Amino acid sequence: MHEMSLAEGIRQIVEDAGRSQGFGKVKIVVLEIGELSSVEPESLRFCFDVVMKDSIADGAQLQIDPVPGSGWCMQCAETVPISALYDPCPKCGSYQVQATSGTEMRVKELEIE
Amino acid sequence: MCNVCGCGTGETRIDGEAVDHEQEHEHVLADGTVHRHSHGPAGQKWAPVAAGHAHSHGPEGEHVHEDMDGSLHYGHGPAGAHAPGMSQAQMVKIEQNILAKNDGFAERNRSWLAERGILALNLVSSPGSGKTTLLVRTIEALKRRVPVAVVEGDQQTSFDAERIRATGAPALQINTGKGCHLDAHMVGRALEKLAPSDNSVLLIENVGNLVCPAAFDLGEAAKVVVLSVTEGEDKPLKYPDMFAAASLMLVNKIDLLPYLNFPVDKAIEYALRVNPKLQVIQVSATTGAGFHEWLGWIDARLAEAVAARTR
Ligand SMILES: Nc1nc2c(ncn2[C@@H]2O[C@H](COP(=O)(O)OP(=O)(O)O)[C@@H](O)[C@H]2O)c(=O)[nH]1
Ligand SMILES: [Mg+2]
Ligand SMILES: [Zn+2]
C-alpha cells in the first residue's frame, strides 16, 4: 500500500498534537492497524523511520497494535473472523461478507517526554 | 509547506505551478486555539479524550489525569502501582484516523460539488488501460449537451491534459511528482482554478495505479475502475481494494477480444466476488462499442446530482 503517505499522515498528526498540546519530544507512537487494512507493517516501519526525521518523533519507537479482522456473513447472519478482505466466510464459504472490524488505520496515542 | 496540516509536499504542481496556499483558512486545535493560514480547511477533528481507557503500557486499573490542555497523563496511580525508580510514561490520547485530513478535504469537495450540481467521477486503473482515450471519446459525445471539465493526474508531463484540451474541454493537469495518487487537497485546489460550471460533469483521471488511489477519497460521486482486456483477468483479486471502492467497472478494449484469450466472464466474476454491488459495462474507447450504455450511466448519475443540487 501507500505506506509513505501513511507515514506522512502520521507525522502531521504527531506534529499537530505536539503544537496544540505543547510537547516537544515523542518517545513512542502507538498505532492501531487493522489486519484488513492492507498496510504492510514492515514497510510502514521503514517509512516511519525515514519520514519522522527532524520531527518531534525523530527516532521514536513505533508500536503497532493489530486489530483482528471480522465481518458479517449475510448467509450465516453472524459475525465471523476473516484474515483478508474479500475472503470467503470460514463457516459457509460465501463471499457475501461485509468487513465490520479490522480496517482501521489510527494513531491511538503517544508517549511523550 | 503548511506546518499545521503539512499539506504541501512542495512537489505537487497544478498546470506547472507549484501548489501554493493562498486561500486562508483556519484550524481549530484541541485546545481551542484557532490557527489561521493558507489553503483549504480540513477542520482538525480531535476525538474526545476517553478518560479511564486502559492503555497498552501501563498496568490495568491505573487512573488518568486529564489536563486543561486535553493531554492525558497515565501512571500516577495509587502508591505502589509502579516499581520504584521507574520513570512514569506520559501518554497523550490521539485516536485519529491516519487519513482523517484527506477525508476532511474530500468532504469539503463533496459539498462544494453538491452545491453546484456537479457530477464528479474518479477514474482509476493501471497505466495504459485507456483512461485518457476513454475520456476523449466521452467528452466528444457529451460536450454538445453538457459541459465537461477534466482534472488530469500524472506523476510527470501534461500530455494527457493537452489531449483533453484538444477536444475543447477545459482540463487542468496535476503532477504529483513522486506521489502515486491524487489527494483531496490537490483536487480542491484544482476545482477553484478550473471553476467548472453548475450542472456539469467533472472527470478526474487519477494516477495510473490500482493500489493507492483506492484509499484516497477525492470527494467524487463514484470511482470508475477501468480494466482493459490486455491485462490479467485476475486483477480484481490481486487489487481488491480498488474494485471494492469502485461503483462501476468499465471493461475496456473489447475490440481486441478476438485476438486475445481474455476470459471476460471470469474477470467480471472475480470483480463481483470482491464487490457484489459493482456495475459492469464493456466498452471500446477506440470503436465506441458500449458507449451508449456508459453515456446512459453518466446521464442517470448527472440527473441525480442536478436534482440533489443544494444551492
Ligand atoms: N485497441 C484499443 N486500444 C485502446 C483502447 N483504449 C485505449 N487504447 C490504447 O491504449 C493505449 C493507452 O491508452 P491511454 O488512454 O493513454 O491509457 P491511460 O494510461 O489509462 O490514460 C493507447 O495506445 C490507446 O490508443 C481501446 O478501447 N482499444
Ligand atoms: Mg492517461
Ligand atoms: Zn457464512
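The values are calculated or read from the model by the stated rules, or taken from the named source; none is laboratory data. Note that the coordinates shown come from a computational prediction; the quantities given were computed from them, not determined experimentally. Backbone-built Cβ (ideal geometry, glycine too); neighbour counts: all protein chains shown. The protein model used for the area step is the full one, side chains on, heavy atoms only, and it has no ligands, DNA or RNA in it. Shrake-Rupley method; radii C 1.70, N 1.55, O 1.52, S 1.80 Å.
Looking at (1) within 20 Å of the chain's Cα centre (by Cα); (2) over 21 Å from residue B:237 (Cβ atoms); (3) within 8 Å of chain B (Cβ to nearest Cβ), which one does residue A:50 not meet, given that it meets all the others?
(3)
Could you check, for the stretch A:20-40, whether at least one of its residues is modelled with pLDDT under 90, surrounded by fewer than 17 Cβ atoms within 10 Å (Cβ to Cβ) and more than 10 Å from chain B (Cβ to nearest Cβ)?
The answer is yes; a qualifying residue exists.
If you take the residues of the stretch B:101-127 that are open to solvent by 60 Å² or more (accessible area, probe 1.4 Å) and farther than 28 Å from residue A:107 by Cα, which of them is farthest from ligand 1 (Cβ to nearest atom)?
That would be B:115.
Residue by residue through the stretch A:1-19, note down the ones that are at the interface with chain B (Cβ under 8 Å from one of its Cβ atoms), in contact (Cβ under 8 Å) with a residue 24 or more places away in the chain and open to solvent by 20 Å² or more (accessible area, probe 1.4 Å).
Selection gives A:1, A:8, A:11, A:15.
Need at least 1 residues that are within 23 Å of residue A:39 (Cα to Cα) per element, so show me which helices (runs of 4 or more DSSP H) inside the stretch B:217-311 make the cut, counting only ones lying wholly within it. Outline the logic, then answer.
On the way: elements: B:235-238, B:240-245, B:264-274, B:291-307.
It comes to B:235-238, B:240-245, B:264-274.
For the stretch B:193-214: of the residues being in a strand (DSSP E or B) and of a type in the set (Val, Ile, Thr), which is farthest from ligand 1 (Cβ to nearest atom)? Please lay out each step first, then the result.
Within the stretch B:193-214, the subset in a strand (DSSP E or B) is B:201-205.
Those left that are additionally of a type in the set (Val, Ile, Thr): B:201, B:204.
On the way: B:201: 18, B:204: 12 Å.
Across the stretch B:193-214, the extreme among qualifying residues is B:201.
What number of residues within the stretch B:160-181 satisfy the criterion of being over 17 Å from residue A:2 (Cα atoms) and assigned to a loop (DSSP other than H, G, I, E, B)? Spell out how you get there, then give the answer.
The initial filter retains those residues of the stretch B:160-181 that are over 17 Å from residue A:2 (Cα atoms), namely B:160-175.
Next, from what is left, pick out any that are assigned to a loop (DSSP other than H, G, I, E, B): B:166-170.
Qualifying residue count, the stretch B:160-181: 5.
Any chance the stretch A:4-25 includes a residue that's more than 16 Å from ligand 1 (Cβ to nearest atom), in a strand (DSSP E or B) and farther than 17 Å from residue B:273 by Cβ? Steps first, please.
Kept after step one, since they are more than 16 Å from ligand 1 (Cβ to nearest atom), are these residues of the stretch A:4-25: A:4-25.
Applying the additional criterion that residues be in a strand (DSSP E or B) yields none.
No.
If a residue must be surrounded by 15 or more Cβ atoms within 10 Å (Cβ to Cβ), charged (D, E, K, R) and either at the interface with another protein chain (Cβ under 7 Å from one of its Cβ atoms) or closer than 27 Å to residue A:48 by Cα (or both), how many such residues does the stretch A:71-113 contain?
Here the count works out to 5.
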